[in-house]
Each structure stands twice: as structure tokens, then as C-alpha cells.
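Note sheet for the following structure.
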Amino acid sequence: MIRLLIVDDEPLVQAGVKSMLDWTSYGIEICGVCSNGEEALRIIERSHPEIVITDIWMPVMDGLRLLKVCRDRYGELPVFLMLTGHEDFGCAREAIHYGIEEYILKQELTARSLEHFINNALLKVKNLQQTRDDSLLEKETPDRFYFSLLYGLLDQPRQSRLQKEQLAPDFQYDCYICGYGGIDPGNAMRNPENPPMNLYRSVLAMCQELCSRYVPCRTFFLNRNNFALMIGLKRGQTDTWKMLLTDMFHHVRETLRNYFNVSLILSVGPTCQVLPAVSHSFSFARAGLYPLNADRPLIFTGPEETSENPMTFDFGRFRAPLQQLLENSRLSLFLDTVRRMQEYCRACGRELCPRDGFYMALDLTLFVFHLLFVLRPDTEEFLTSVYQGRKYTYLSVFLMQSSEEVMNSLNLLLEKMEESKKFDEKELRQNVVTQVQKYMQEHCTQKLSLSETASAFGLSPNYLSTLFTKNCGYSFTEYRNHIKIEEAKKLLDSGSMKIYEIAEHLGFENAFYFSKVFKKTEGISPREYLHRNVSDGTV
């Protein structure tokens, strides 16, 4: 059910709005009725309504102030419908600036008009929720480039530069910082009203939205409880960035506590000058996160703090096999690589204090979880089944007390992978092809050369070409031409662009080459396709 809050200081208006429609028939429940903005805020923090109908002029806190506070704290939801007893263009202009859905005169409000306004509001709620879910589903399927970037697996300057230009052209700043954040497990997973994954999605969406108001940033899925935060800073922010991020953190943390009753923790690494060096910042951020708790929710880490921060695993030592694994995710290679990493972790642990040995083992285990999320879209389901029966399933590693306990947990995962048919190597290869095809569909207006697409996934051009031929029955070039021509047909059918404009829009060198590819694929030229559709009455 969608939750609705009614806010007006006139009892007759409250009763009228409440009884004007059969709210349940619209899938709406009224979660509260109150007479000023201050009371409304308390209900919003407690009940999280998706729609608010509020008067503008009220005592204590008026509707405009309520709207501003909600936009600052919660973003685009809840959707607001504003009521007023008289036309005030100044108020209307200000309300529209803050994104109200409707501005309604009370004397013109009828059951029919209210139905119209509510249907529009429901559509807005649905679109906002869908957009949020879609963006988070993308984050829950981490791409190989950002995975390699975070863990320092990019060793070719040319490849790094190409991937930066191709995948992050709008994320280039004077310096960069990585953060490692999470929901404090004590709060997040003891709330029976919010399943952990749904809670995580909501928290991550709000973090992205609120943090972006302070600094350019991107959030990346790590597991059901943790995320990476990559921040870009401009030259004027480099001297005051700690103060800026402290203000940002406390605002976001307070909002999450009020809205979801969870506690956010965040470890922030040192600054770095170039994007490929964010792995250095991310390593320090990981080290700082593990000792954090609700009483110490924020920490800034760096080389000067090494005496306090625990050790993290050095994934760069295994760069070659991990790069090979990202390119060719064979089960045998996965098991061999992870077991070699376990041996190295145990050897280091013998030279470290118990605390550092434990955190290194935990760092390795969480990395393996993240690697699985990169390689397979169904990892959440698989990990949950592996650790079924344990409190919090695979996140139970956060509750462990020793490195040996963590390593035994990782051993269980490897054993289950050996037993599972889900890790059939043919299926794994097909999964890579599916991810590449999705990427090509989303970027069909780019040139999509074999080398650039392969680089986007950390693959060699020869391997990607072979993957397509063996797993699809057609070549990379044939698939690229197919999706481009399908998009061209849609544009031709719409009549919105000329042939040469479509060729340029879809990344073809010129209109002649576009026509040649179109004819080879469809058997007729673009002009003949247009004429045929005109004669058929399609266009």
C-alpha cells in the first residue's frame, strides 16, 4: 500500500480530504492526519509516506518549510500536493522550485479533481521508485573496470587511460578519494520490518542522492551491507575536504537514522591525484572500516595513521591470475587463485598480531564475495544458500572473532562451489557474453570497436571475439551491426531524423557505410526501407 499523510490546520479540510475518495481502492492507506509541519515531520520520520497533501499556511511550521526540509533530508520522495485557500504566485513559484507535484486551490478541489491529482502522484511515485530500483540493480552488478580500479588490478597505463575515457568521461577531477561505508549490522539486520536487501537498496539510494549534494561521487555495490564511495574534488576543495566530508557524513547519517532507524559508518581514505590510484585510497578506507562501530562512525585514514589501522590484503600480488580470472572465469582458476591467496594470508597472519591477522582474513573473504558478484548476477542467492542457517547468512563473517573462523567460512564457500552445477564453465562464459551484450545495447550510439568493448570488461580483443563466435554462433561485428540497425529502424520509423543524421547518431563513419551495413543486414537500403513503410502505411 502507498502511504498518504494529510496536513492542514483546518479540521473541516482534514475531514473533507480524508472522506473525499475511497483511498483503499487506489491502493492508498492514510498513515496520519495532523495540523502543522512540525507534527508532519515526526510522522514522516516514523511512517515514511510516499505522498503528502499539505496546506501552505499553517502555524508552527508552514507547508513550504515542510517541503524544503523533506527535500533536503529525503530527496524526491515523498511526493507533495500543496493546498492553498488563495492564489499566491510567489508561493506557487517557490513550491514548484522545490518540485511539488500539484498546486491546488481549496475552493476548486472536488472528488474528480482530487482523483486526477492522486493518479498523477501515484504515477510519479511509481516512476521514482522504478528509477531508484533500476539504478541500484545496475550497482548490484558491478562492472569489471571499477572492480579492477578499486583493488589495483589495472597494470597497463594505456588500458587504464582507455577505460577512464570510455567509462568515466564525466568523472575527471583534480583529486579523488575512496570511502568504504556500511550499515552498522547491529541496527540494520535486527529490524524485522525491513528485509536486509530492501533496506540496503533504500540506504544506498539515499546515500548517493544526499552525498551528491555535497561532492561529485559514485557509489558501488560491494555486498548486501557495504558499499564503496568514490569522490571527486575540484582544486578549490582540496584544502577543506575533511571538513566538507564530515558535514556530509553527519547529514546523511542523521537522515538515515531518522528515516530507516539504521546507523551508518564510513571510513575515508587519503586523497590521490589520478583515477587509477584510487586503489591506494580504497585500501586505507577498507582498513579503517573494520574497527568502526556506532560509537565511532567516521574515520579518516592515511599513511600517517598506519599505527592505528589494521592490515589489508595486498591484492596486487595476485594481479596476473585475477586479471586472467576476470577475463576467463573458469571454476578451476577461481578455486586455485583463492586458495593461493588463502595460503598467503595465513603466512602473513603468522607474522602479525591476532587483530591484524583477523582483519586481513576478513578483507580477503569480503573481496571474494565482491569478485563473485562481479562474475555472476545470481551471487546473492548463491551466497545466501551456502550460509543458510547462519545468522545473517554470508554477512555472519562480521560477527566472527578469529582469522581461522573466517578462513573456515571461506573454505565452505569453495567446497559448495565445487559441488554446485551453477559454476559450469559454459554457463560462466555465457554470463560474460550476456553482460557484454547488455553493455553494447546500452551504448549502441557509440562506435563500439572490439578493442574498446573488450577493454571495458578487462578482456583481450581476441578472447572476446572467440567468446562471441563459440557461444553465440555469430561474430562480435555481426551482433554490433544487428543492434545498431535495429535502433536505426526505430529512428527511421519515427521520422524524427534524416538518414545521414541517423548514421552519425549511431557512430557510423559516414552515411554511405551506414547504408552499406543496413543493406547487408536487412536486404534493402535505408531509403528503400522508408519507401516500403510509406507505401505500407507504417510511416
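The values are calculated or read from the model by the stated rules, or taken from the named source; none is laboratory data. Nothing here was measured: the structure is a model prediction, and the numbers come from that model. In this analysis, Cβ positions are derived from the backbone assuming ideal geometry, glycine residues included, and neighbour counts consider all displayed protein chains.
Could you list, ordered by first residue, the pairs with Cβ atoms under 7 Å in which the first is in the stretch 105-122 and closer than 10 Å to LEU83 by Cβ and the second is exposed (fewer than 15 other Cβ atoms within 10 Å of the Cβ), at least 6 apart or interchain?
Hits for this filter: LEU105/GLU87; LYS106/GLY85.
For the condition more than 14 Å from VAL433 (Cβ to Cβ), in contact (Cβ under 8 Å) with a residue 24 or more places away in the chain and assigned by TED's automatic domain parsing to the domain that holds VAL433, what is the one hit in SER455, SER449?
Details: SER449 fails: in contact (Cβ under 8 Å) with a residue 24 or more places away in the chain.
Within the list SER455, SER449, the selection yields SER455.
Name every residue in the stretch 213-239 that is hydroxyl-bearing (Ser, Thr, Tyr) and either in contact with a Lys or Arg (Cβ under 8 Å, 6 or more places away or on another chain) or within 30 Å of ARG376 (Cα to Cα) (or both), in order of residue number. Lay out the reasoning, then the answer.
Residues of the stretch 213-239 that are hydroxyl-bearing (Ser, Thr, Tyr), as a first pass: 214, 219, 238.
THR219 - this is the single residue of the stretch 213-239 that is hydroxyl-bearing (Ser, Thr, Tyr) and either in contact with a Lys or Arg (Cβ under 8 Å, 6 or more places away or on another chain) or within 30 Å of ARG376 (Cα to Cα) (or both).
State whether one or more residues within the stretch 162-172 are modelled with pLDDT of 65 or more, assigned by TED's automatic domain parsing to the domain that holds VAL252 and not acidic (Asp, Glu).
Looking only at the stretch 162-172, we keep the residues that are modelled with pLDDT of 65 or more, and these are 171-172.
Filter once more, so that each one left must be assigned by TED's automatic domain parsing to the domain that holds VAL252: 171-172.
From the residues that got through so far, the ones that are not acidic (Asp, Glu) too are 171-172.
Yes, the stretch 162-172 contains a residue that is modelled with pLDDT of 65 or more, assigned by TED's automatic domain parsing to the domain that holds VAL252 and not acidic (Asp, Glu).
Being part of a helix (DSSP H, G or I) and within 21 Å of the chain's Cα centre (by Cα) is the requirement here; does VAL278 meet it?
Details: part of a helix (DSSP H, G or I): yes; within 21 Å of the chain's Cα centre (by Cα): yes.
Taking the combined requirement at face value, the residue satisfies it.
Any idea which of LEU464, LEU383 is in a helix (DSSP H, G or I), farther than 30 Å from CYS353 by Cβ, touching a residue at least 24 places away in the same chain (Cβ under 8 Å) and in contact with a Phe, Trp or Tyr (Cβ under 7 Å, 6 or more places away or on another chain)? Give the steps one after another, and end with the answer.
On the way: LEU383 fails: farther than 30 Å from CYS353 by Cβ.
Among LEU464, LEU383, only LEU464 is in a helix (DSSP H, G or I), farther than 30 Å from CYS353 by Cβ, touching a residue at least 24 places away in the same chain (Cβ under 8 Å) and in contact with a Phe, Trp or Tyr (Cβ under 7 Å, 6 or more places away or on another chain).
Give me the pairs, please: first residue somewhere in the stretch 2-31 and in contact (Cβ under 8 Å) with a residue 24 or more places away in the chain and of a type in the set (Asp, Glu), second residue anywhere and surrounded by fewer than 16 Cβ atoms within 10 Å (Cβ to Cβ) and not in a strand (DSSP E or B), beta-carbon distance under 7 Å, and either six or more positions apart or on two chains.
Listed pairs, sorted by first residue: ASP9/PRO59; GLU29/MET1.
State yes or no: is PHE512 of a type outside the set (Asp, Glu) and crowded, with 19+ Cβ neighbours inside 10 Å? Step through it out loud before you land on a result.
On the way: of a type outside the set (Asp, Glu): yes; crowded, with 19+ Cβ neighbours inside 10 Å: no.
No; evaluated as a whole, the condition is false for this residue.
Matching residues to (1) crowded, with 16+ Cβ neighbours inside 10 Å; (2) aliphatic (A, V, I, L, M); (3) under 30 Å from PRO49 (Cα atoms):
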| residue | (1), (2), (3) |
| --- | --- |
| VAL252 | yes, yes, yes |
| TYR259 | yes, no, yes |
| LEU264 | yes, yes, yes |
| GLN273 | no, no, no |
| LEU292 | yes, yes, no |
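Consider only pairs whose beta carbons are under 6 Å apart and that are at least six residues apart or on different chains; among these, list those whose first residue lies in the stretch 209-224 and is in the same structural domain as SER148 (by TED's automatic domain parsing) and whose second residue is of a type in the set (Gly, Ala, Ser).
GLU209/GLY75; PRO216/GLY232; PHE220/ALA228; LEU222/ALA228
I'm checking my understanding of the structure. Among residues of the stretch 225-240 that are touching a residue at least 12 places away in the same chain (Cβ under 8 Å) and small (Gly, Ala, Ser), which one is surrounded by the fewest Cβ atoms within 10 Å (Cβ to Cβ)?
Step by step, filter the stretch 225-240, then rank; the result is GLY232.
In the stretch 377-400, how many are closer than 13 Å to LEU222 by Cα and of a type in the set (D, E, K, R)?
Number satisfying all stated conditions: 1.
Can you name the number of the only condition in (1) hydrophobic (A, V, I, L, M, F, W, C); (2) surrounded by fewer than 16 Cβ atoms within 10 Å (Cβ to Cβ); (3) in contact (Cβ under 8 Å) with a residue 24 or more places away in the chain that MET243 fails?
Status for MET243: all satisfied but (3).
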